[in-house]
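Notes follow the structure.
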Amino acid sequence: MKAAPLLLDTCALIWSAMGGDQPKLRQHLRTAYEGASQIWISPISAWEIGQLVALRRITLARPALSWFEQVVAQSGARLAELGPKVLMAASDLPDELHRDPADRILIATAREYGLRLVTRDRKILDYADKGHVMALEC
């Protein structure tokens, strides 16, 4: 049986694009490419990257939108649809989870499309341990 496709959270997307030393992430991506599993990116990551740049928490060599579009195009990843169904689902996730709207949207996207969320966020990983979303630690 083929493994579920991956959804990169924003940190995983940034690390993969900037070539950071993240062995777990590199292994997950290599396994996905070798197994022909699709890799997905959520549009909410564009918003988060824009916020990180605006707050000067990261610096990019080009405008954030241009950087994001280039990363998506060069990666071969698919951009997940961020429609009303995902947004409403983010408001009604089962069990306890923190209130971060971007994380909730990422989780709802993963649940809606049957994707494994690649993240280092401990709260999301704990939520996955409860069986509410598929996740891989990076």
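Here is a yes/no grid of residues against (1) surrounded by fewer than 14 Cβ atoms within 10 Å (Cβ to Cβ); (2) more than 16 Å from Glu137 (Cβ to Cβ); (3) touching a residue at least 60 places away in the same chain (Cβ under 8 Å); (4) touching a strand residue (DSSP E or B) at 6+ places or on another chain (Cβ under 7 Å):
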{"position": "Leu7", "(1), (2), (3), (4)": "no, no, yes, yes"}
{"position": "Ile14", "(1), (2), (3), (4)": "no, yes, no, no"}
{"position": "Ala36", "(1), (2), (3), (4)": "yes, yes, no, no"}
{"position": "Arg57", "(1), (2), (3), (4)": "yes, yes, no, no"}
{"position": "His98", "(1), (2), (3), (4)": "yes, yes, no, no"}
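Based on what the data block shows, is Ile49 under 13 Å from Asp9 (Cβ atoms), free of Cβ contacts under 8 Å to residues at least 60 places away in the same chain and part of a helix (DSSP H, G or I)? It is true that Ile49 is under 13 Å from Asp9 (Cβ atoms), free of Cβ contacts under 8 Å to residues at least 60 places away in the same chain and part of a helix (DSSP H, G or I). Does Ala32 fit the bill of being modelled with pLDDT under 95, of a type outside the set (Val, Ile, Thr) and surrounded by 11 or more Cβ atoms within 10 Å (Cβ to Cβ)? The answer is yes for Ala32. Within segment 87-96, is there a residue that is within 15 Å of Pro5 (Cβ to Cβ) and out of contact with any Cys (no Cβ under 8 Å at 6 or more places or on another chain)? No, segment 87-96 has no match at all. Can you tell me which residue within segment 1-29, out of those that are within 21 Å of Arg111 (Cβ to Cβ), touching a Lys or Arg at 6+ places or on another chain (Cβ under 9 Å) and among the hydrophobic types (A, V, I, L, M, F, W, C), is modelled with the lowest pLDDT? My answer is Ala3. In summary, helices (runs of 4 or more DSSP H) completely within segment 69-138 and bearing 1 or more residues that are among the hydrophobic types (A, V, I, L, M, F, W, C) and under 14 Å from Cys11 (Cα atoms) occur at 101-113, 122-129. If you go through segment 1-37 and keep only what is part of a loop (DSSP other than H, G, I, E, B) and within 13 Å of the chain's Cα centre (by Cα), you end up with Pro5, Asp9.
The values are calculated or read from the model by the stated rules, or taken from the named source; none is laboratory data. Because the structure is predicted, anything quoted here is derived from the model rather than measured. Backbone-built Cβ (ideal geometry, glycine too); neighbour counts: all protein chains shown.
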